[in-house]
Ligand code: SF4
Ligand code: SF4
């Protein structure tokens with residue numbers, strides 16, 4: 001999740017239409033960068049690396065709200081969670097890839113356009129949930145209940 005992702009209103013503010021088609025990621029303003037996050041929550045799943053490849057699990061960060069797919073401690077997340085990652089350009093380009101392949105940052109950096117369900121296209125934050133691309137209504141477990149992450153690997157198509 002990225003800074004200031006909190007409500008529908010962020011997609012109703014004024015911004016240059018289709019700014020993501022006119023600029024590369026490293027040219028975006030901080031506000032534009034934040035708008036790109038679709039709020040799917042999938043970067044807050046625990047992952048394990050096996051033989052040089054990142055595998056996602058269905059174990060969510062204990063601070064991720066599974067209904068809204070938002071972080072419950074957003075302002076203090078880096079203090080509270082040692083391995084909470086900031087979504088930077090370096091993180092987007094990191095190999096092996098650890099962001100889901102639907103992540104707007106990864107899509108744009110790899111030459112794809114935003115998908116038609118993206119809130120910047122629809123103007124509505126809920127469209128990511130309606131398209132079943134977020135973690136909402138998925139079979140998740142809190143990381144605090146996990147004994148062995150290898151028992152929680154998932155191969156969802158949108159990871
Ligand atoms: S995976 Fe990407 S688009 Fe989805 S919440 Fe994380 S940063 Fe935002
Ligand atoms: S603290 Fe957890 S839920 Fe919050 S942004 Fe970091 S990984 Fe996601």
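Numerical summary
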item: Only listed residue being more than 16 Å from residue 34 (Cβ to Cβ), modelled with pLDDT of 95 or more and more than 16 Å from ligand 1 (Cβ to nearest atom), chosen from 136, 147, 101; result: 147
item: Criterion (surrounded by 14 or more Cβ atoms within 10 Å (Cβ to Cβ), at pLDDT 95 or above, in contact with a helix residue (DSSP H, G or I) (Cβ under 7 Å, 6 or more places away or on another chain) and part of a loop (DSSP other than H, G, I, E, B)) met by exactly one of 38, 3; result: 38
item: Considering residues of the range 81-93 that are away from ligand 1 (no atom under 11 Å from the Cβ) and surrounded by 14 or more Cβ atoms within 10 Å (Cβ to Cβ) only, the residue farthest from the chain's Cα centre (by Cα); result: 81
item: Verdict on residue 26 being within 11 Å of ligand 1 (Cβ to nearest atom), touching a helix residue (DSSP H, G or I) at 6+ places or on another chain (Cβ under 6 Å) and in contact (Cβ under 8 Å) with a residue 12 or more places away in the chain; result: no
item: Condition broken by residue 13, with the remaining ones in (1) more than 11 Å from ligand 1 (Cβ to nearest atom); (2) in contact (Cβ under 8 Å) with a residue 40 or more places away in the chain; (3) under 14 Å from residue 119 (Cα atoms) satisfied; result: (2)
item: Pairs where the first residue, in the range 62-87, is without any contact (Cβ under 8 Å) to a residue 12 or more places away in the chain and the second is away from ligand 1 (no atom under 13 Å from the Cβ) and assigned to a loop (DSSP other than H, G, I, E, B), C-beta under 7 Å, 6+ apart; result: 65/72; 72/63; 73/63
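The values are calculated or read from the model by the stated rules, or taken from the named source; none is laboratory data. None of these values were measured; they are calculated from a predicted model. Cβ atoms come from the backbone with ideal geometry, glycine included; neighbour counts cover every protein chain shown.
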